[in-house]
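The values are calculated or read from the model by the stated rules, or taken from the named source; none is laboratory data. Given the structure is predicted, the values throughout are model-derived calculations rather than measurements. No Cβ is skipped: glycine too gets one built from the backbone with ideal geometry, and neighbour counts run over all protein chains shown.
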Ligand SMILES: Cc1ncc(COP(=O)(O)O)c(C=O)c1O
């Protein structure tokens, strides 16, 4: 042990050097968060998977530590009921309107499964989050992709025109990933009202909490009025619980019942307890959104000075027209300590950049400046 260091300091430091995992687990020292490890080890900053650099909140961490003691029990059923009740209360519906998934990814996949079993065709925009489309394809279901508008927005008119007898589900991500853009709320609402008598409209609201546009509304009200709409949400984004896999759907009790019959029920007590705590922790959510807005401003200000195009993002990422092929841009940025998003075809000279902490975004600006030279 180094002179002048307490045993705890030595353990903490060693844990940091060992990635904080092994010694942390054995000694029970306070866990070392990813950002600390990044800053100490000069690891590249993660700006590629739309994660929350601040999560989990301290309140969620406390709930997780408490839940360790419950880990020997099959106590998920009670925790799931509690989570459902809380989500119902927060969203003005009943617990019968809520289905809990192992992340909202599971809700997406099992919705694709449900549609496939119904031999339905899935209608989906050509540039969007791919989980539901991929799973539908794995099931050999037909997925009809609808081209984007010129502004890379979702073309609701064209989607409407392409609904046919076989269409049983329509996927809309709002705000969309990877563009970060919102659809016009009134347009989306009238689209859902019009088409939900023919097909289930799946509205993925994974980034709901980050939206700042005052004209935005969730599509939950349509669920409340009994329309065939599924809204999905996740604890992975603003709550910073991506690794714990908690997501949920809000839909009519009939759809929820059917969807639940396909869900694996593979939930974990630590994740559920963390999510229950985090959804009640308004301060942390506000802090995450504020910091995210600051981070976006650091990048937007820089891009504005350079005259570089980017889309209006209502999420924790930005879609930027770098005019550099992403297969070159990705490794070039990694050299400057920044991991950026994967390619989104056919937008190969664009980059999806996830927000880290505002002070870390300067690293992106500096690296980008060097790549541009
Ligand atoms: C639009 C969208 N939906 C769903 C998900 C899946 O989230 P999770 O499975 O972690 O809840 C993501 C993850 O990035 C996403 O971007």
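Of all the residues in segment 221-248, those that are within 11 Å of the ligand (Cβ to nearest atom) and outside any loop (DSSP other than H, G, I, E, B) number 8. Checking segment 184-194 against the condition returns no match, with no residue being surrounded by 15 or more Cβ atoms within 10 Å (Cβ to Cβ), in contact with a strand residue (DSSP E or B) (Cβ under 9 Å, 6 or more places away or on another chain) and part of a loop (DSSP other than H, G, I, E, B).
Against the definition (in the same structural domain as residue 249 (by TED's automatic domain parsing), within 16 Å of the ligand (Cβ to nearest atom) and either touching a residue at least 12 places away in the same chain (Cβ under 8 Å) or within 21 Å of residue 350 (Cβ to Cβ) (or both)), how does residue 177 come out, yes or no? Spelling it out, residue 177 is indeed in the same structural domain as residue 249 (by TED's automatic domain parsing), within 16 Å of the ligand (Cβ to nearest atom) and either touching a residue at least 12 places away in the same chain (Cβ under 8 Å) or within 21 Å of residue 350 (Cβ to Cβ) (or both).
In segment 104-120, the residues that are closer than 14 Å to residue 141 by Cα and more than 16 Å from the ligand (Cβ to nearest atom) form Cβ pairs under 7 Å with partners that are modelled with pLDDT of 95 or more and assigned to a helix (DSSP H, G or I), at six or more places apart or across chains, as follows: 114/258; 114/259; 114/262; 115/136; 116/136. Given the criteria within 15 Å of the ligand (Cβ to nearest atom), on the phi < 0 side of the Ramachandran plot, in contact with a strand residue (DSSP E or B) (Cβ under 9 Å, 6 or more places away or on another chain) and in the same structural domain as residue 217 (by TED's automatic domain parsing), does residue 124 qualify? Against the criterion (within 15 Å of the ligand (Cβ to nearest atom), on the phi < 0 side of the Ramachandran plot, in contact with a strand residue (DSSP E or B) (Cβ under 9 Å, 6 or more places away or on another chain) and in the same structural domain as residue 217 (by TED's automatic domain parsing)), residue 124 qualifies. Within segment 128-162, the set of residues being in contact (Cβ under 8 Å) with a residue 40 or more places away in the chain and either assigned to a helix (DSSP H, G or I) or within 12 Å of the ligand (Cβ to nearest atom) (or both) comprises 128, 129, 132.
Summed over segment 311-355, residues that are touching a helix residue (DSSP H, G or I) at 6+ places or on another chain (Cβ under 6 Å), more than 22 Å from residue 53 (Cα to Cα) and assigned to a strand (DSSP E or B) total 0. For segment 47-63, filtered to residues that are crowded, with 24+ Cβ neighbours inside 10 Å and within 13 Å of the ligand (Cβ to nearest atom), the residue that is modelled with the lowest pLDDT is 55.
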